[in-house]
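Engineer: I have a structure I would like to understand better, so I am pasting it below and will then ask my questions one at a time.
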Amino acid sequence: MDLTPVRPDGIAPPAAHYAHGVLADGPQQLLHTSGVVPVGPDGVVPEGIAAQAEVVWSNLAAILDEAGLGMADVVSVTTYVVPGQDLAPVMAARDQALSGHLAASTLVVVAELAQPSWKIEVAVVAAR
């Protein structure tokens with residue numbers, strides 16, 4: 001399957017390192033994750049947003065791997081962050097995990113997540 005970033009000349013470029021859209025041509029597999037939260041395999045939730053983002057992306061990598069997919073198959077990312085967080089480490093963790101691969105990306109600031117200790121939650125769609 002071909003994944004092609006969609007970047008029309010007639011609109012402003014994305015505000016950061018992501019694609020406005022990603023066209024999946026001929027998908028045979030499609031994975032939608034739930035919102036993945038910053039709980040490590042040991043049950044620990046790190047305190048800071050940067051560490052939480054790293055745990056979330058590590059968890060996403062494990063989910064993708066279990067499904068037989070990888071970061072290069074991610075077509076869409078939706079990130080939820082609680083107010084008052086520095087967004088730079090959130091975007092840096094995404095960019096590092098995707099290793100230059102461009103996916104459609106949306107970041108939403110929400111009042112709260114399901115657990116008070118969670119500062120970030122990420123859902124992805126992957127296709128192959």
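Engineer: Residues of region 105-124 with backbone nitrogen within less than 18 Å of a virtual label 7 Å along the Cα-to-Cβ line of Ala67, please, listed as ranges.
Structural biologist: 105-106, 121-124
Engineer: Let me ask you something else. Neighbour counts of other C-beta atoms within 10 Å: give me Asp73, Asp65, Asp42 arranged from fewest to most.
Structural biologist: Details: Asp73 23, Asp65 11, Asp42 5.
The fewest-first ordering by Cβ neighbours comes to Asp42, Asp65, Asp73.
Engineer: For a label point 7 Å from the Cα of Asp2 along Cα→C-beta, name the residues of region 70-85 whose backbone N is under 18 Å from it.
Structural biologist: Once the point is set 7 Å along Cα→Cβ of Asp2, 73-75 turn out to lie under 18 Å by backbone N, inside region 70-85.
Engineer: Among Ala24, Ala15, Ala97, which one shows the highest mean-square fluctuation when the chain is modelled as a Gaussian network with alpha-carbon springs under 10 Å?
Structural biologist: Of the options given, Ala15 has the highest mean-square fluctuation.
Engineer: Taking Rg/Rh (Cα atoms, Kirkwood Rh) straight from the coordinates, which label in (i) 1.25; (ii) 0.94; (iii) 0.97 is the correct one?
Structural biologist: (iii)
Engineer: Right, something else. For all pairs of alpha-carbon atoms in region 57-128, what percent lies in each bin of width 10 Å, listed from the first bin to the last filled one?
Structural biologist: 19, 52, 26, 3
Engineer: Right, here's the next one. Determine the relative contact order of the chain: mean sequence separation of Cα pairs under 8 Å and six or more apart, normalised by residue count, in whole percent. Present the calculation step by step, with values, prior to reporting the outcome.
Structural biologist: Numbers: 233 pairs, mean separation 47.1, N = 128.
Contact order relative to length: 37 percent.
Engineer: Hey, another quick one. What range in the chain is the longest one free of GluC sites (Glu not before Pro) that are in a loop by DSSP and have at most 16 other Cβ atoms within 10 angstrom?
Structural biologist: On the way: sites that count: Glu47, Glu112.
Free of exposed loop sites, the longest segment is 48-111.
Engineer: Would you mind pulling out the separation of the Cα centroids of region 49-108 and region 2-29, in Å?
Structural biologist: 17 Å
Engineer: May I ask what percent, to the nearest 5, of DSSP beta bridges between residues of the chain are antiparallel?
Structural biologist: On the way: 16 of 23 bridges.
Approximately 70 percent, going by the DSSP bridge assignments.
Read the figures in this text as sums done on the coordinates, not as results from a lab. Owing to the predicted nature of the structure, the values given are computational and were not obtained by experimental measurement. Virtual Cβ from ideal backbone geometry, glycine too; neighbours counted across all protein chains shown.
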